[in-house]
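Student: Right, I'll just put the structure down here and ask away after.
None of the figures in this text is laboratory data; all of them are computed from the coordinates on show. Only a predicted model underlies this, so the values are computations on that prediction, with no experimental measurement involved. Cβ placement follows ideal geometry from the backbone for every residue including glycine, while neighbour counts extend to all protein chains displayed.
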């Protein structure tokens, strides 16, 4: 059975029918803003306490925690890089996305919700995040990932269209 991937405009912290969510995290795994803020707020203070034991996380790497008060069993926290001042940011983004998907595979996760990684405060161009995400999903789908369903949660119609286009190309 192949991986089903959908793109929706929605709150990643409210995906009750999904086993794990991906947090586009900062290296200290703190609440922050955007996706990290939404996930931490919904999960409750236990998540931040738990994250203190895992931080700091190297850029391009991911760690997994319980979901606490989220409707999801797991949170996979992955750390990208700022595109404002780092010429290696695209390489780190690719590693961050792959690290998150590898953790999902290692834990036998079958359904995953993920954001447009890096497009918030890290200022990644949406087309680049979409391309790397789509290609990584296509690779993992072709190489035995247990993921059956992936939902990419975005914040606008424009972002949804960018991700849908990248997915069509990657899975062609």
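Student: What nm value, rounded to one decimal, do you get for the distance between residue 41 and residue 123 when each label is placed 7 Å out toward the C-beta?
Tutor: Placing both labels 7 Å along Cα→Cβ, they lie 2.5 nm apart.
Student: Another question, if that's okay. How far is the Cα center of the range 114-171 from the Cα center of the range 31-96, in Å?
Tutor: That distance is 17 Å.
Student: Please list, in order, the residues from the range 85-115 whose amide nitrogen is less than 11 Å from a point placed 7 Å along the Cα→Cβ vector of residue 54.
Tutor: Backbone N within reach: 100, 103-104.
Student: Next question, about the same structure. Only Cα pairs under 8 Å and at least 6 apart count here; give the relative contact order of the chain as a rounded whole percent.
Tutor: Relative contact order, the chain: 29 percent.
Student: Shifting gears a bit: With the chain treated as a Gaussian network of Cα nodes joined by springs under 10 Å, which of 11, 49, 85 yields the largest mean-square fluctuation?
Tutor: Top of the fluctuation ranking is 85.
Student: Please give the calculated 222 nm ellipticity per residue for the chain, where each DSSP H segment of at least 4 residues contributes -39500 (n - 2.57) and the sum is spread over every residue; nearest 500 deg cm²/dmol?
Tutor: It lands at -12500 deg cm²/dmol.
Student: For the range 4-170, give me the percentage of DSSP beta bridges that are antiparallel, rounded to the nearest 5 percent.
Tutor: For the range 4-170, the DSSP antiparallel bridge percentage is about 20.
Student: Translational D (Stokes-Einstein, µm²/s) of the chain at 10 °C and 1.306 mPa s when Rh comes from the Kirkwood sum over C-alpha pairs?
Tutor: Rounded to a whole number, D works out at 102 µm²/s.
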